[in-house]
Every structure is written in C-alpha cells, then in structure tokens.
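In what follows, a structure is listed as structure tokens, so that the remarks can point back to it.
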Amino acid sequence: MSAAAGAAAADAAVDTKRDLKVLQSGRPVPGYSNPPELMEAHLKRTGGHPYFRFPPEPNGFLHIGHAKSMNLNFGSALAHDGKCYLRYDDTNPEAEEQVYIDAIQEMVAWMGWKPDWITFSSDYFDQLHEFAIQLIKNGKAYVDHSTQQQLKEQRELRVNSPWRDRAVAENLLLFEHMRQGRYAEGEATLRVKADMQHDNPNMRDFIAYRVKYVAHPHIKDKWCIYPSYDYTHCLIDALEDVDYSLCTLEFETRRESYFWLLEQLNLYRPHVWEFSRLNVTGTLLSKRKINVLVKKGIVRGFNDPRLMTLAGMRRRGYTPKAINKFCDLIGITRSMNVIQNAMLENSLREDLDERCERRMIIPDPIKVVVDNWQGEKEVECANHPRFPELGSRKLKFTNIFYIDRSDFHTEDDNPKFYGLAPGPRAVGLKYSGNIVCKSFEADKNGRPFLIHVDIDFERTTKPKTNITWSPRLTACRWSSASTAHY
C-alpha cells in the first residue's frame, strides 16, 4: 500500500474486524521495520496469531471511550483468531489504586470480553531495569540532575544537559544509587540519549526513570524508581509480542521515540496505528473533569447514571450489546468527530426492542370509572407486539382502572391530540375495548382526579389511538418504580 493510499484509508472509518491491513499503513519512521530474524522469532512465539492489547491506566473508572478501545482490540482479536491482553499500565503509583484495578476487570467482563492474559506493566519492572542498564552501557542513557524547569528549558531550547556526557561507569553507579533510594524525589532521573536537535520534542532525551517514594497498589514498595510511559509502553508491547499497538491520536508524536528505543535494544517492533478519541454530544469523558464533578458533589459518584462511565451507563440501563453495537457502527477513524448521542440511544433501543417484554406503565395515574358496565373480565396481553414467541400475560379488567394524566385533556379542543377528552370521540384501551369520556371530577384547583367513561368491548368504531392503562390496586399486584429524567 502506498503512503498516499495508506493516509486515505486511515482518514476513513475502518473495520478492523474485516481487514487488518489498514493498521499496517501508519506513518513510517526510522527503525519501524523488523529485521527478518526478529520477525521470524516473533511469529514462532505467536504461531502467526495476531496479538492485541487493551492497556488502561488504573487511575479512574472506565468510560465509553474505553469501550471503543475494548471493542477495537478484543473484537479484532476475536475476529482474526488472535489473542488480546488486558494490561494495566501502572507506572504512575500516585494516582493508581486497587479499587480501579478491580473496577476495570469487572467492567471488561461486563462488556463481554475475556482477556487471554491479564498483566501489569509492573510485572516487567525487572526486565525494564535490565534494559536501562543495557542502554547505559551502550552510551544511550545517562543520569541527570536537572530540575523539572531546567529539563523543560533544555528540551524547548534544544540545549544539552550538563550531565549528558558522563562516563558509562559513573552513570551505572548513579543509576544504582537511584535504585537504592539515595536520592530524594526530583534529585535524579535517568534520561535516554536520543537527539536533542530533533524536530520532534519527544525525541529530545526523554525521561526513562524517576525517583518516587510511593507505595504501589500491585508491587507495594519493591521499587523506588519508576519507568516513564514513553520508556515502558513500547518495551512491554515488544515483550508481549503485540502485533498491533493501537492508541489515540495524541500519542502519534511518540512514534519516533517508540521505535527508536526498540531499535536501540534490538527488540521486535509492533505495528502502531492511532485513531481519534470518541466524543459524544452532551457529555464529557475526561477522567480529570469527571473527578472534579464527583469531588464537588455535582454528581453522586462515578456510577452516576448521568455520566458516561460504564458503571453509570449500566445503572442507566445500557447493555453491553448496545454499547458494542454503537462502537461497531461508528468504527474507528483518524478524523476528529463528534458522535450524536441519539446514535448511542438508538443502539440501546434496537437491542432492547428485540428482547424486552412490554409492560404498561402509568407514571402519573388518574382514576377511571366505567359507568355502563360492572364486573370483572380477564384480558390477554402480548409480551411483545412483534415476537409472539415471548408469550403473553393475563390482566384482570374491572370497572375501575387507571390511565396516565398525559392521556387526558379536559377539553377536546386540540385536533392533534388523540387521547381521551370529554365528548363522543372514542379512544381505545390496549387489549380491551373503546372508551368515551362522559364526565370528569376535579379538585378546587381544577385538577382532574376522576374520569367517568362508557366502554364498548366490541369496538364498533376504530379509534385513532390506543392508550395504556393499569388495573385497580385490588385486581392485581402493582409494581412500583422510580424514574429519573436527565
């Protein structure tokens, strides 16, 4: 595939469950291709099955944007007889907690995905440490004592650190001192020696290790030096034999550093492809902003149904099938876009419509009395109007029942209103007969509380609409429900 064709394919929505070739069309950078011996060894380890990974950081609860990534990675693996990791990207211990680790695993399972392996970036810290020593020995990493502000200025101005040309032996000793906890936080970092004159800021001697005296939720206090994301991500992709490393677009500028590091260590290089973040109208998906809403008490926690966290969507009634269907519909693309919330709601509607039994709900009931008939009869109600295989249920109909207040007007003065109103016009009751309003009673404020009707079980006229109703309390067991409007 040519570069132009690859770019065109990347800008359109793609379906990785049908074709993985588009994921091999990313922008080439130095070092991105595998030498034959590395590729041969990789294929021998994987058996030719494509490997994917879903790598959330356990510093918050998953939202619908993560559902898109899950659908992409787990779904593509499933479609192509591949395998997929659930990998916790846990290199930032200050923000990570066990509660998030547990919640992520719960949501992945709820969404219907079964990881082939569950791993942690911290599982590989010993190997990452050995790689760092190898880089130092090869003259590709050095211990630096620049402050955070000095680091920023050096990278912006493309100025070398005064410690960049330290001897290998000194760097090895100082890095060991970092590991032993002889430095305070911020006093020393390990930086890779890449290219301070590179046009891409991410190639200007990025940090590989920093000192942090923070207990880690997975490995506790085993380490006091922690690898950075830029150092960790590519190395673990290689160690886990990931074929397709799929990220959102803000990581595209890290391609050069990703492949540079793998080339320096002569490690296998995955395909890297970036896609646009999911944006949905009427909501926000930033974990940082959601945290603010929770801390200020604007929402009632991360599972508040007004949020598009997966826990919140579950409480609101969304199903995994509907969410995955939505992700399939929007596909993945490199173009920034905003998806209408109506598309998400329609995915849920289509899912529920096919399998949910119907019930009649009266949120704001008003009592109705039949004047021309006394007694009790049993009516049969279909559980689904289009799927008879879902069966039916029986209700007892008496001369007292309830309709919703929205289905009644005190005057028949609106030609577009087909509900019940005083006058000769008949309105159908679902699964029963036609009714005509003879009169109604109202309180001192004019609010109706009782409607008198006549009923025609034969339905001698065809009504323009059929309204829902509920039997009187003594006729059957009522189900109470609460509703929330957003």
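Within the stretch 156-186, track down each residue that is under 16 Å from Ala141 (Cα atoms) and charged (D, E, K, R). The answer is Arg164, Asp165, Arg166, Glu170, Glu176, Arg179. In the set (1) at pLDDT 95 or above; (2) closer than 29 Å to Arg314 by Cβ; (3) of a type in the set (Lys, Arg); (4) surrounded by fewer than 17 Cβ atoms within 10 Å (Cβ to Cβ), the condition left unmet by Lys17 is number (1).
One line per residue, one yes/no per condition, for (1) surrounded by 17 or more Cβ atoms within 10 Å (Cβ to Cβ); (2) under 27 Å from His66 (Cβ atoms):
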| site | (1), (2) |
| --- | --- |
| Glu187 | no, no |
| Leu190 | yes, no |
| Asn202 | yes, yes |
| His216 | yes, yes |
| Lys222 | no, no |
| Asp230 | yes, yes |
| Leu284 | no, yes |
| Asn291 | no, yes |
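One residue stands out in the stretch 327-340 among those that are assigned to a helix (DSSP H, G or I), out of contact with any strand residue (DSSP E or B) (no Cβ under 8 Å at 6 or more places or on another chain) and touching a residue at least 60 places away in the same chain (Cβ under 8 Å): the one that is farthest from Glu106 (Cα to Cα), namely Asp328. Can you tell me which residues in the stretch 358-383 are outside any strand (DSSP E or B), more than 15 Å from Lys396 (Cα to Cα) and among the charged types (D, E, K, R)? Matches in the stretch 358-383: Arg358, Asp364, Asp371. Scanning the stretch 263-275 for residues that are within 27 Å of the chain's Cα centre (by Cα) and not β-branched (Val, Ile, Thr), which turns out surrounded by the fewest Cβ atoms within 10 Å (Cβ to Cβ)? So the residue we want is His271. Taking the criterion of being touching a strand residue (DSSP E or B) at 6+ places or on another chain (Cβ under 6 Å), part of a helix (DSSP H, G or I), assigned by TED's automatic domain parsing to the domain that holds Leu157 and of a type in the set (A, V, I, L, M), would at least one residue in the stretch 245-252 satisfy it? Scanning the stretch 245-252, I find at least one residue that is touching a strand residue (DSSP E or B) at 6+ places or on another chain (Cβ under 6 Å), part of a helix (DSSP H, G or I), assigned by TED's automatic domain parsing to the domain that holds Leu157 and of a type in the set (A, V, I, L, M), so the answer is yes. Test Val159 against the stated conditions and say whether it is of a type outside the set (Phe, Trp, Tyr) and more than 25 Å from Leu262 (Cβ to Cβ). Yes; evaluated as a whole, the condition is true for this residue.
The number of residues in the stretch 52-78 being more than 29 Å from Thr281 (Cβ to Cβ) and surrounded by fewer than 24 Cβ atoms within 10 Å (Cβ to Cβ) comes to 1. Within the stretch 128-164, track down each residue that is under 21 Å from Arg179 (Cα atoms), without any contact (Cβ under 8 Å) to a residue 60 or more places away in the chain and assigned to a loop (DSSP other than H, G, I, E, B). If the condition is that a residue be under 21 Å from Arg179 (Cα atoms), without any contact (Cβ under 8 Å) to a residue 60 or more places away in the chain and assigned to a loop (DSSP other than H, G, I, E, B), then Gly139, His145, Ser146, Thr147, Trp163, Arg164 are the ones that fit. Checked against (1) among the charged types (D, E, K, R); (2) modelled with pLDDT under 95; (3) touching a Lys or Arg at 6+ places or on another chain (Cβ under 7 Å), Asp116 meets all criteria but (2).
Each row is one residue, and each column tells you yes or no for (1) within 18 Å of Ile361 (Cβ to Cβ); (2) in contact with a strand residue (DSSP E or B) (Cβ under 8 Å, 6 or more places away or on another chain).
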residue	(1), (2)
Arg405	yes, yes
Glu411	no, yes
Asn414	no, no
Leu420	yes, yes
Val453	no, yes
Glu458	no, no
Thr465	yes, yes
Pro471	yes, yes
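Checking each residue of the stretch 345-357 against the condition of being without any contact (Cβ under 8 Å) to a residue 40 or more places away in the chain and not in a helix (DSSP H, G or I) gives at least one match. Screening Leu235, Leu278 for residues that are buried (at least 17 other Cβ atoms within 10 Å of the Cβ), within 24 Å of the chain's Cα centre (by Cα) and over 14 Å from Tyr32 (Cβ atoms) leaves exactly one candidate, Leu278.
The values are calculated or read from the model by the stated rules, or taken from the named source; none is laboratory data. Every value quoted in this text rests on a predicted model; they were computed, and no experiment measured them. Don't worry about glycine lacking a Cβ; one is built from the backbone with ideal geometry, like all the others, and counts go over all protein chains shown.
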